Amino acid sequence: MIRDKTRAVESFFDFVGRQPQEVTPDDVDAWLDTMRRGLATATIYARASMLSSFYRWLMSDAALRHVIVHNPVTLARPEAPKAYKGAQALSDDELARLLNQVKSEADAGKLTAKRDYALLLFFILTGHRRQEVIRLRWGDLKRNGTLTVTFLVKGGDYKSEEVSLLCWDALIDYLVSAGRLASEGRIASLSPNEPLWTGHDRGGQATGALSSHSFSKNLKRYARDAGIESIHVHQLRHTVARMVGDDTGDISAVQRVLGHKNQKTTRIYLERVTVKKDNHS
């Protein structure tokens, strides 16, 4: 996160060529305009937010607040992305086909499929965001009768929660098959800081932490093979929202599962991903 913020701030000041106190809202607008030719609105807004965060930090410093008196990003009012535009949840049938496709390849002994099946279960059975699942480490898991996983969630907070043992079983199957864990998980051969998910070369050797982009590419291929035209990783979270909403009819239950601090965000999710059902005809 620090790396991304640093790049965004450096990119802006390289572009504008001014000292922080000299920057105007027009400078910010010009910078944003250069990105509108090739980047998504959400990406542009994220970079603007990072720059805005930098200015808030400057203004919080007692020695600088008399020099930096305005946040030019706030005054420029960058366009916010429309919430979950084009969001779509998988139907029960689509989800079943996707899971069956990945599991069939995992059962055939394909190592990357075993990893991706475990990953897919973590997404579907926890409802967490892409990076919150991808960056899990061995030390984030505690298995003692139940499985407790500690996630680093949006906003930088840590959240521990009980997770289905289906996730544990699939994860151990992958780790043992990859030679990364001995004796079916009873003897840990992984350090606490070891990433759960890694890339693998043709010989099956781990090649470093798996990127979310790599999993996204694999997911799209599994979906095509399962007869699903298009998919994105965040769609799995939409699907969880849809399933919990259908099952409970309780927006508070959906909010708890998704970890939203504001119920308004949950309401937007449900409005976008649910289909009004005819229960009365």
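The values are calculated or read from the model by the stated rules, or taken from the named source; none is laboratory data. Values in this document were obtained by computation on a predicted structure and should not be read as measured data. When the accessible area is computed, the model is the full protein with side chains, heavy atoms only, and any ligands, DNA or RNA have been set aside. Shrake-Rupley method; radii C 1.70, N 1.55, O 1.52, S 1.80 Å.
Assorted remarks:
- Using alpha carbons only, the radius of gyration of the chain set against its Kirkwood radius gives Rg/Rh = 1.02.
- Helical runs assigned H by DSSP (4 residues or longer) give the chain a calculated mean residue ellipticity at 222 nm of -16500 deg cm²/dmol, each run adding -39500 (n - 2.57) before division by the residue total.
- Each principal axis of segment 116-206 carries a Cα extent, and these read 38, 29, 23 Å when sorted largest first.
- With Cα atoms, 0 to 90° folded angle of helix 165-177 axis to the chain main axis: 80
- Here segment 1-49 exposes an accessible surface that is 47 percent carbon and sulfur, computed with a 1.4 Å probe and the other protein chains kept in place.
- J(HN,Hα) series, segment 108-119, from Karplus relation 6.51 cos²θ - 1.76 cosθ + 1.60, nearest Hz, glycine and proline x: 7, x, 6, 4, 5, 5, 4, 4, 5, 5, 4, 4
- Highest-fluctuation residue, A40, A206, A253 considered, GNM on the chain with Cα pairs under 10 Å: A40
- Top of R202, R137, R256 by mean-square fluctuation, Gaussian network on the chain, Cα under 10 Å: R202
- The chain: angle of helix 92-107 to the longest principal axis, Cα-based, in degrees nearest 10: 70
- Rounded tilt (10° steps) of 263-273 against the dominant C-alpha axis of the chain: 60
- For the chain, the relative contact order works out to 17 percent when only alpha carbon pairs closer than 8 Å and six or more residues apart are counted.
- Whole-number accessible area per residue in Å² for segment 1-145, which is evaluated in the context of all protein chains at 1.4 Å: 57
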